[in-house]
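The values are calculated or read from the model by the stated rules, or taken from the named source; none is laboratory data. These numbers were taken from a predicted model, which means no experiment stands behind them. Positions of Cβ are generated from backbone atoms using ideal geometry, with glycine treated the same way; all protein chains shown enter the neighbour counts. Protein only, heavy atoms only, side chains kept; ligands, DNA and RNA dropped before computing areas. Shrake-Rupley method; radii C 1.70, N 1.55, O 1.52, S 1.80 Å.
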Number of protein chains: 2
Amino acid sequence: MDIQKMISEMIAGKKEDGGIKNVFFVACGGSCAALYPAKLLLEKEALNLRTGQYTSNEFVHNPPKALGKSSIVVLASHGGNTPETVSAAKLSHETGAGVIALTWTKDAEISKFSDATVGYSWGEGKNTSDEKIIQALKIAVEILNQTEGYPYYEQFMDGVHKIDRVVEKAKDKVKERAARFAQEHKDDTMIYTMGSGVGFGAAYMQAICIFMEMQWINAASIHTGEYFHGPFEVTDYNIPFMIQISEGPTRPLDERALKFLQQYARRVEVLDARELGLSVIDTSVAEYFNHSLFTNVYDVYNEALAGIRQHPLSVRRYMWKVQY
Amino acid sequence: MDIQKMISEMIAGKKEDGGIKNVFFVACGGSCAALYPAKLLLEKEALNLRTGQYTSNEFVHNPPKALGKSSIVVLASHGGNTPETVSAAKLSHETGAGVIALTWTKDAEISKFSDATVGYSWGEGKNTSDEKIIQALKIAVEILNQTEGYPYYEQFMDGVHKIDRVVEKAKDKVKERAARFAQEHKDDTMIYTMGSGVGFGAAYMQAICIFMEMQWINAASIHTGEYFHGPFEVTDYNIPFMIQISEGPTRPLDERALKFLQQYARRVEVLDARELGLSVIDTSVAEYFNHSLFTNVYDVYNEALAGIRQHPLSVRRYMWKVQY
């Protein structure tokens, strides 16, 4: 799929309806979190485009009034058949919105209600430059660049080319730390993740998809900017935290939270994007790649944790097993 | 403060800059959560206005490019001196945005950088119709109505008049339940809150400001639409959940999560907006009052829990006590 061309055709097709005014990102759980960087990029960089992000079933039951012919709706469903996300695609399609589905699955159910289907690289040996998070970012960047213009388009595309290598090196770098983390946290019943900027999506994903879903460990994601306005009162020597230190403008928020943790906590695992090599990407766009870096680095921790706990990441007790 | 008049003057003053295009809601922690209904109202009801919500320090370090003369920034700080929120007001003011500060404090620091200061009712004997959450909603409704128009303006104002009485009756109704909840949960170390729509702000506030900040209990808020996409795998007979069943379009999401909890959990506290009387407010606008109802009902639970745990809601170990 040539994303640049696809967006160009979609925008051309929308001209008679007055052009694109809204871009909505809609998905569930980890897929929704994967769209967060794309949403934040438009929210920060666009002067006129409106954007919003929704968990699919809320979008279906309570859609924005602006949804319609001037909208592009970007949805993500790995299996392509998540019922709430398929319903959201159907609803969007019926309103005349341009519908783009991100899915890993060929001939996916969701494609029936989509104007374009965008695949992505996933699993063993994937190329991070084409993974779901980055594909969604490319869609956002193309929409922005082809409507209002985006001054950092070249820098962004250069970042896309670099991210796979950054991730591979970072994953190698954390292998030993991940093994130690797994040993030290195998019996924990509660773990907090922390982050800011687009990386907050990675912190959320790690909490709900890995700790809660795949390891049955209680978890919560705390925004480092919110930490001092309530959450920090739970801090003590026993509670474990995984904190992301982003590259980009929100780094001071993360560093401030880390400084506090270093004083009042003892069980703190630090994922530092700068130390992990993200700074090779231009500062004008580096912030948008934090999510990809952290999510892929978490994978190394997750494999180690699942291994030592003898609780494979594939085990579920309810998902796909019982009615819900 | 006559909010209608204040907004009218602010909009008039912005005419030569091309009018209002963006409304940003900015605050920290519980104050940020209190702005969530106002943000969601604009996000759903507006056809052209852009909106966004930020924790103050992220807004300061990474502001949207659209922030400027065509913006209104609505901030909230109870003491009027929250450093991150004061900085956000200062930054907004410097860009030429219209700045509205919600604060309980007279002659607040934040007012120095605000075009208008809006007070609210708070504490013992407060009138919910003028509390912070509702004042923020009024600001959003006035901006919407005076720019694009809002067809449910009268119904909304009627809801404002009714919400105080609804809340008073609901608080009476849950007194015994709250005492029982406190007894049953006094030794818990982890509690989940759940909700959807504007009520998700109440679930978040209860988790971070009450359980974490004021009771040092681990907590997380789960969106009922996200529950089945990861979080529900932690569900078992021991883990406690407080689940909000909203009045309005997202109610089916909450009911679906409740149905699952009733089958696979045992320690579930239900706050049902319909049973608690919110349905006296017109269906066109009732959804926007869920946050106020739930937050005020939580108060009854929180007093009971703090009492039985002999852990007053005013106790802190770090906040206002150490450097951070």
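General remarks:
- Percent carbon-and-sulfur accessible area, the stretch B:220-304, ignoring ligands, DNA and RNA, probe 1.4 Å: 49 percent
- Shielding by partners - mean other protein chain Cβ count within 10 Å, residues of A:194-201: 1
- Counting Cβ atoms of other protein chains within 10 Å of each residue's Cβ and taking the mean over peptide A:50-58 gives 6.
- Point-charge dipole on Cβ atoms (K/R +1, D/E -1) for the protein assembly as shown, about Cα centre, debye to 20: 480 debye
- Projection of the Cα convex hull of the stretch B:279-319, averaged over all directions and equal to a quarter of that hull's surface, yields 4.1 nm².
- Carbon plus sulfur fraction of accessible area for the stretch B:30-105, probe 1.4 Å, in percent: 54 percent
- When A:Ile3 is represented by a point 7 angstrom out along its Cα-to-C-beta vector, the spacings to that point in the other copies are 4.0 nm, nearest first.
- When every Cα-Cα distance of the stretch B:72-154 is counted in 10 angstrom steps from zero, the calculated P(r) takes the values 19, 45, 29, 7 percent.
- Mean-position separation - Cα centroids, the stretch B:1-61 and the stretch A:1-39, in angstrom: 25 Å
- In a DSSP loop and with at most 10 other Cβ atoms within 10 Å, the chymotrypsin sites (Phe, Trp or Tyr not before Pro) in the stretch B:141-241 are B:Tyr237.
- Normalised radius of gyration (Cα atoms, divided by 2.2 N^0.38 Å) for the stretch A:113-199: 1.45.
- The stretch B:115-157 and the stretch B:219-283: distance between their alpha carbon centers, rounded to Å: 27 Å
- Rg and Dmax of the stretch B:209-305, Cα atoms only, in Å: 13.9, 38
- Interface A-B: total buried accessible area of about 6000 Å², 1.4 Å probe, protein heavy atoms only.
- Dividing the alpha-carbon radius of gyration of the stretch B:1-145 by the rule-of-thumb value 2.2 N^0.38 Å gives 0.94.
- Per-residue SASA remark: B:Ser111, around 40 Å² accessible (1.4 Å probe; ligands, DNA and RNA not included).
- Size of electric dipole in the stretch A:122-192: Cβ of Lys, Arg +1 and of Asp, Glu -1, about Cα centre, debye, nearest 20: 280 debye
- Charged side chains reduced to their Cβ positions (Lys and Arg at +1, Asp and Glu at -1) give chain A a dipole of some 400 debye around its Cα centre.
- Solvent-accessible area per residue, Å², over the stretch A:1-71 with all protein chains present [probe radius 1.4 Å]: 34 Å²
- Dipole-positive endmost among B:Leu75, B:Gly195, B:Ile139 within the protein assembly as shown (Cβ charges, Cα centre): B:Gly195
- Residues whose amide H falls under 5 Å from that of A:Asp272, counting only those 5 or more places apart or on a different chain, are A:Ile245, with hydrogens built in the peptide plane.
- Exam field: B:Asn238 pseudo-label spacings to other copies (7 Å along Cα-Cβ), nanometres: 1.4
- In this structure, the amide hydrogen of A:Ser121, modeled 1.01 Å from its nitrogen in the peptide plane, lies closer than 5 angstrom to those of A:Asp130, A:Glu131, A:Lys132, counting only residues at least 5 positions away or on a different chain.
- Translational diffusion of the stretch A:26-109, estimated by Stokes-Einstein from the Kirkwood radius over alpha carbon pairs at 20 °C in a medium of 1.002 mPa s, is 167 µm² per second.
- Nearest residue to the symmetry axis between B and A, taken on chain B by its Cβ, in whole Å: B:Ala220, 2
- Local electrostatic count at A:Asp282 - Lys and Arg +1, Asp and Glu -1, tallied over other residues with Cβ under 12 Å: -3
- B:Ile222 long-range amide H proximity, modeled H, under 5 Å: B:Thr193, B:Met194, B:Gly195
- Kirkwood hydrodynamic radius over Cα pairs of chain B, then Stokes diffusion coefficient at 25 °C and 0.890 mPa s, in µm²/s: 121 µm²/s
- As computed over the stretch A:251-315, the Cα convex hull volume per residue (Å³): 113 Å³
- The residues of the stretch A:176-324 present an accessible area of 35 Å² per residue when probed at 1.4 Å with all protein chains retained.
- Shape category assigned to the protein assembly as shown from the gyration tensor of Cα positions, a/c cut at 1.5: rounded
- With its label point put 7 Å out from Cα toward Cβ, A:Glu255 sits 5.2 nm from the same residue's point in the other copies, in order from shortest.
- Note on the stretch A:1-48: Cα Rg divided by 2.2 N^0.38 Å, N the number of residues, gives 1.33.
- Other protein chain Cβ atoms within 10 Å, averaged over every residue that makes up B:142-152: 0
- Choice from B:Ala38, B:Ala219, B:Ala76 showing the highest fluctuation, given a GNM over chain B with Cα pairs closer than 10 Å: B:Ala219
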